[in-house]
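Structure first, then comments.
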Amino acid sequence: MIQTVLRNLISNAIKFTNSKGEVIIYAQKRNGMVLVTVKDNGVGMDKDRIDTLFDLDSNETTLGTNEEKGSGLGLLLCKEFVEKIGGKIWAESKIGEGSIFKFTIPQK
C-alpha cells in the first residue's frame, strides 16, 4: 500500500512540475511515526482546491504541465490507504510555488 501512495504522490508531483522543476522526497522519524514528504516546485494550488483534494465529492479534473488529465481519484486512494494503517495525509501549496504532500505512518 505504501508503494502505491508513494508512486501516486511522486507521479502527481512530476505531472505538475515543468521539465526544469524538481521533486524532492524525504522521510523522518517522529514520535513513533514516519513522516514522508513529497515536495515539488510546480504549478501549485489555491486553498480552495487543497481543501477538497481528498474528498470523494470533488470531481474536478486537473491538467498537468503537459496537458495530462488527472481525476484526483489517486489522492482519494492514498488517503484511504494511509488512514487504514493509522496514518494521516495532507497537502500544503501556493499557486506558482509548488506543492508539498506529507503523510505519516506508524513506525514498525
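Just a few scattered comments:
- Residue in segment 76-108 that is nearest to the chain's Cα centre (by Cα), counting only those that are farther than 14 Å from Val5 by Cα and among the charged types (D, E, K, R): Glu92
- A Cβ distance below 6 Å, combined with a sequence gap of six or more or placement on separate chains, defines the contacts here; from segment 1-16, residues that are closer than 14 Å to Glu80 by Cβ reach no residue that is among the hydroxyl-bearing types (Ser, Thr, Tyr).
- Across segment 65-86, a minimum of one residue is classified as in a loop (DSSP other than H, G, I, E, B), modelled with pLDDT of 90 or more and more than 22 Å from Thr17 (Cβ to Cβ).
- Note on segment 1-32: residues that are touching a Lys or Arg at 6+ places or on another chain (Cβ under 9 Å) and surrounded by fewer than 18 Cβ atoms within 10 Å (Cβ to Cβ) amount to 5.
- Residues satisfying the stated conditions in segment 27-44, i.e. in contact (Cβ under 8 Å) with a residue 12 or more places away in the chain, of a type outside the set (A, V, I, L, M, F, W, C) and part of a strand (DSSP E or B): Lys29, Arg30, Thr37, Lys39, Asp40
- Ser11 vs. criteria small (Gly, Ala, Ser) and either assigned to a helix (DSSP H, G or I) or closer than 12 Å to Lys102 by Cα (or both): yes
- Those residues of segment 36-48 which are more than 14 Å from Glu97 (Cβ to Cβ) and buried (at least 17 other Cβ atoms within 10 Å of the Cβ), in sequence order: Val36, Val38
The values are calculated or read from the model by the stated rules, or taken from the named source; none is laboratory data. Note that the coordinates shown come from a computational prediction; the quantities given were computed from them, not determined experimentally. Cβ coordinates were reconstructed from backbone atoms using ideal geometry, including for glycine residues, and neighbour counts include every protein chain displayed.
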